[in-house]
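Down below is the structure, laid out as structure tokens.
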Amino acid sequence: MSAFTVPLFIRGEVITDDLVPFGTRLEHSFQAPDPHKYVNALPLRSPADMADLYALSFEEILDLLEELGKHLDLDKNPHLQEAYEASVLANPFPESILRTGYIGLQALFSREFMREIAETSVGIAYLEGWVPRTSLDGRSLRVRAFGSRTLHIAAGNGGLVSAVTILRSAITRSDVIIKAPSNDPLTAMAIARTLRDIAPDHPITKHLSVGYWKGGDTAFEEQLYKPEHIEKIVAWGGFASVKHVTKYIQPGLELISLDPKRSATIIGSEAFESEDTLREVAVRAACDVGAGNQEGCVNARVIYVLSGTDEPGLERANRLGEHIYESMLHLPGSLSTKPKVVNRTLLEHVEGSRLNDDWYRVYGGEDGEGAIVVSQLDEPVHYSMMLSGRVANIVPVDSIDKVTDAVNAYTQTIGIYPESLKTELRDRLPLFGAQRLTSLGYAASVNFTIPQDAMEPVRRMCKWIVDEQCDPDRVFPLWQAPDLVG
């Protein structure tokens, strides 16, 4: 029996007909309209229909979004309440963490924050009109950022992703289709329905569609994923799902890939200068591991510590591991809790490490609450790629070279202590693939105004159009070039 229904939202119309069953990643199922029956209704009829978005000023767009934010109150909005209840059934996050994400929705739509996103990631002048400049060769240029017809394959690790997707699409004047994730199937829908409630005929509402279809449904995707329907695909998600999308990419259809990444931590020897410093470092590292129950790309998993690998060095690393574990248990429940779902294979590996104390020290993990595994050599555990559910691995090292060897193109965030070490490494780690360097304890403190995954996704969502004026008196006319043939 279906636990809930996921409607189809097409440009202001809510559809609940032709329902078929789908499964979540947990034990529950839901029903949604058969996507095959509506695939031809999802694309914009003609690119010319986007003209109504350009009749709006940027301030008018902010007016609508600001009003939308006022209505995204979990305690008062029935659409959000339904989405939250569905997420509790479909998502591995505990209720307290899910609720935190929903409570944070309103802040995204504050006018000041939206202006900061637009200004820093694109430039409001380019979104609002044609920006002039003169090139060195004398031509007069005017450049404008236009929105695109975009498909967003959203991630399900919290409702903020859906809200940010809708926000980014609106400020860039894009026509957007959002594929809801199975583990967060109703948040984008809830925001879309709220938008319909307050402004059913607004151009932003008329250029928003949200629905669910199973990723990998080739018969459906081959009809929708075409350049005549979509110009850009913004794909969040796991390696397999992002790789699957690449087969549809062709001239006229661009992929903006926010694909899975791994994050890490580097802690310098300064952490051991005093007991107070050690405890502060432990709390910060625990936050980077435990925030959101370690479900995000930003979370720390392998923690490299410049403690040394001799006997005193291992003792320092073990003491840090014990403190991190204890600190993790005392993180606020709105940030981190005992995981609702645990990886049994991972727990078996942790128990195996516990039995091999020549090579590892294990702190915690007896009740699936999370654990810190401290290597007794300068190598990560062989199951480091599986680390999740508040299980992290401390690796003691003698030299920073051992750390840079482990950084690659899949490395997203690196939390570093102290700041002087971050400054020392910031021109070096990006050469190996690191994408974001931050203060220890702030890995999971996400700011949507800064580059993401070593790119600026909002800027890439835009089409950058150039209007040139070439005066023959200033720009050399090619038709006056001398004939060099013969």
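What follows draws every value from the coordinates through simple rules; no lab data is involved. In this text, all values refer to a predicted model and were calculated from it rather than measured experimentally. Cβ sites come from the backbone with ideal geometry, for glycine too, and all protein chains shown count toward neighbours.
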Whole-Hz couplings from phi, Karplus 6.51/-1.76/1.60, listed for region 112-126; x for Gly and Pro: 5, 5, 5, 5, 5, 4, 5, 6, 7, 9, 9, x, 4, 4, 6
Cβ-based exposure ranking for Thr120, Thr187, in which fewest neighbours within 10 Å come first: Thr120, Thr187
Chain lengthening between Asp398 and Asn356 when straightened (0.36 nm per residue, less Cα-Cα): 12.9 nm
Overall form of the chain per C-alpha gyration tensor (a/c, 1.5; a/b vs b/c): oblate
Estimated inter-spin distance, Asn447 and Arg474, nm [label 7 Å along Cα→Cβ]: 3.8 nm
Mean Cβ count within 10 Å, highest first, over the residues of peptides 452-465, 411-424, 147-160: 147-160, 411-424, 452-465
Within the chain, helix-based [θ] at 222 nm, where runs of 4 or more DSSP H residues each add -39,500 (n - 2.57), nearest 500: -9500 deg cm²/dmol
Unit charges at the beta carbon, dipole of the chain: most positive-side option, Leu331, Pro482, Val289: Pro482
Calculated FRET value between Asp34 and Lys243, using beta carbons and R₀ = 22 Å, to 0.05: 0.25
Residue order, fewest to most beta carbons within 10 Å, for Val446, Val210: Val446, Val210
Label-point separation in nm, Glu67 to Glu85, each point 7 Å along Cα→Cβ: 2.8 nm
Highest-first arrangement of 39-47, 318-326, 431-439, 162-170, where packing means the average Cβ count within 10 Å: 162-170, 318-326, 431-439, 39-47
Projected label distance in nm at Leu431 and Asp75, using a 7 Å step from Cα toward the beta-carbon: 5.4 nm
Over 30 Å between alpha carbons, listed pairs Lys261/Lys402; Lys247/Lys402; Lys247/Lys422: Lys247/Lys402; Lys247/Lys422
For region 326-405, the spread of Cα positions along each principal axis, largest first, Å: 37, 25, 21
Surrounding net charge for Ala282, when Lys and Arg each add one and Asp and Glu each subtract one, Cβ distance under 13 Å: -2
Share, in percent, of DSSP beta bridges within region 262-439 that are antiparallel, nearest 5: 20 percent
Assigned charges on the beta-carbon of Lys, Arg, Asp, Glu; region 262-439 dipole about Cα centre (debye): 820 debye
Contour excess over end-to-end distance, with Cα ends at Val466 and Ser420 and 0.36 nm allotted per residue: 12.2 nm
Protection proxy ranking, peptides 251-258, 171-178, 394-401, average beta carbon neighbours within 10 Å, highest first: 171-178, 394-401, 251-258
Cα gyration tensor shape for region 262-439, rounded if a/c is under 1.5, else prolate or oblate: rounded
Residue (of Ala434, Gln469, Met386) at the positive-pole extreme of region 362-486, dipole from beta-carbon charges: Gln469
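If you rank Lys340, Lys247 by fewest surrounding Cβ atoms within 10 Å, what's the result?
Working: Lys340 16, Lys247 11.
Arranged by neighbour count, lowest to highest, Lys340, Lys247 become Lys247, Lys340.
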